[in-house]
Amino acid sequence: MPEQFLHRADVIACGGQMGSETVPQHMRRNRFCKPGGARRVVAWLSFSSFYGRPAYAETAELSVYVHENFRKRGLGSYLPVQALACAPTLKADTLLGFIFGHNKPSLLVLFQELGFSRWGELPKVALLDGVERDLIIVGRRV
């Protein structure tokens, strides 16, 4: 774990299943807190079912968030690396990421460096702060 984050906060459950297997509680969502002072969430990772049909049971959506004040400190790289390592224990053989098209750091650096490739694009499907945004789908076999 990045050195500036001295501890991992208590893990919180976000519910859900992946296929017929219940996702172990410790992998549902990890949250990382700023050391000292108030313990507030500065980053998190979660796995979600990709689609409710049994045919997609071994495909999971990977979500990663790092608060803007805590970026460039290693958490954005650390969390997906840990997710890739844990995916087989969840019986996930395919991981997907859904990334807004304007989020170049996630698209061009983080996910590509981890072996994800672009699998699709949904143009202008999101409205953020009054601006239509594209959604890029990245994927990787584990």
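The values are calculated or read from the model by the stated rules, or taken from the named source; none is laboratory data. Since the structure is predicted, the reported quantities are computational estimates derived from the model, not experimental observations. Positions of Cβ are backbone-derived with ideal geometry, glycine not excepted, and every protein chain shown enters the neighbour counts. With ligands, DNA and RNA removed, areas are computed over all heavy atoms of the protein, side chains included. Shrake-Rupley method; radii C 1.70, N 1.55, O 1.52, S 1.80 Å.
State all residues of segment 80-90 that are open to solvent by 20 Å² or more (accessible area, probe 1.4 Å) and either without any contact (Cβ under 8 Å) to a residue 60 or more places away in the chain or over 14 Å from Phe47 (Cβ atoms) (or both); if no residue qualifies, say none.
Within segment 80-90, the subset open to solvent by 20 Å² or more (accessible area, probe 1.4 Å) is 81-82, 84-86, 88-89.
Within segment 80-90, Val81, Gln82, Leu84, Ala85, Cys86, Pro88 qualify.
Kindly evaluate Leu107 against the criterion of being open to solvent by less than 50 Å² (accessible area, probe 1.4 Å), at pLDDT below 80 and under 18 Å from Val138 (Cα atoms).
Yes.
Taking Ser77 and the conditions (1) modelled with pLDDT of 85 or more; (2) farther than 17 Å from Glu61 by Cβ; (3) surrounded by 13 or more Cβ atoms within 10 Å (Cβ to Cβ); (4) among the small types (Gly, Ala, Ser), which numbered condition does it fall short on, given that it satisfies the others?
Unmet for Ser77, out of (1) modelled with pLDDT of 85 or more; (2) farther than 17 Å from Glu61 by Cβ; (3) surrounded by 13 or more Cβ atoms within 10 Å (Cβ to Cβ); (4) among the small types (Gly, Ala, Ser): (1).
Among the residues of segment 31-44, are any modelled with pLDDT of 55 or more, surrounded by fewer than 18 Cβ atoms within 10 Å (Cβ to Cβ), under 12 Å from the mean Cα position of the chain (by Cα) and of a type outside the set (Gly, Ala, Ser)? Even if it seems obvious, please write down each step before you answer.
Filtering segment 31-44 for residues modelled with pLDDT of 55 or more gives 38-44.
Now drop any that are not surrounded by fewer than 18 Cβ atoms within 10 Å (Cβ to Cβ), which leaves 38-41.
If we keep only those that are under 12 Å from the mean Cα position of the chain (by Cα) as well, we get none.
No, the conditions are met nowhere in segment 31-44.
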